[in-house]
Amino acid sequence: MASLQNVRSFVTLVTIAGSRSFSTNLMPRSDLVPLCKTADVAPGSVKRADAPGFPPLAVFNLAGSFYVTDDTCTHGQASLSEGYVEESQVECPWHGGRFCLRTGQPLAFPAVEPIRDYPDTIVGDEVCISEPPSES
Ligand code: FES
């Protein structure tokens, strides 16, 4: 019989192996922070989310796969959750910089610095991310 630790290790391995969002009905992990309900973000759209210890975040739904990134554009202070989602990219509403939602990498000038991309997990009907590492 698998222990909870073994199940968590398996979940981690599956996540590392390439599944961007991972769905589970297992017991919630204590290090996960819920951001929003999956139903709050329609396919092809984005929702801003705030969580203690994190900068403003943006939750994207790309055909049922969820991505969590920084909400603030690295070129200025625009909110990317007010931008335009197209395929796997978001276009900044201020100057048209674009970012890849799978990697956070900039794809179009004037954006030249990447946005942070956070691994996410779907627990039940919630999009969650891990708690930020403690400052030491
Ligand atoms: S603020 Fe986003 S491209 Fe300028």
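Derivation of every value follows stated rules applied to the coordinates shown; laboratory data play no part. Only a predicted model underlies this, so the values are computations on that prediction, with no experimental measurement involved. As a convention, Cβ positions derive from the backbone with ideal geometry for all residues, glycine included, and neighbour counts pool all protein chains shown.
Tally time: how many residues in the range 50-81 are within 14 Å of the ligand (Cβ to nearest atom) and touching a residue at least 12 places away in the same chain (Cβ under 8 Å)?
So the answer is 14.
Considering only the range 92-118, state which residues are surrounded by fewer than 15 Cβ atoms within 10 Å (Cβ to Cβ), among the hydrophobic types (A, V, I, L, M, F, W, C) and within 9 Å of the ligand (Cβ to nearest atom).
ALA108, PHE109
With the checklist (1) within 16 Å of the ligand (Cβ to nearest atom); (2) surrounded by 14 or more Cβ atoms within 10 Å (Cβ to Cβ) in hand, flag the one item GLU126 doesn't pass.
Result: GLU126 fails condition (1) only.
Which ranges mark the strands (runs of 3 or more DSSP E) fully within the range 25-131 that have 1 or more residues being in contact with a Pro (Cβ under 8 Å, 6 or more places away or on another chain)?
Because the criterion is at least 1 residues that are in contact with a Pro (Cβ under 8 Å, 6 or more places away or on another chain), the strands (runs of 3 or more DSSP E) in the range 25-131 that meet it are 32-37, 45-49, 57-62, 65-70, 84-86, 98-100, 106-108, 120-123, 126-130.
Of all the residues that make up the range 83-108, how many are free of Cβ contacts under 8 Å to residues at least 40 places away in the same chain and touching a Lys or Arg at 6+ places or on another chain (Cβ under 8 Å)?
8
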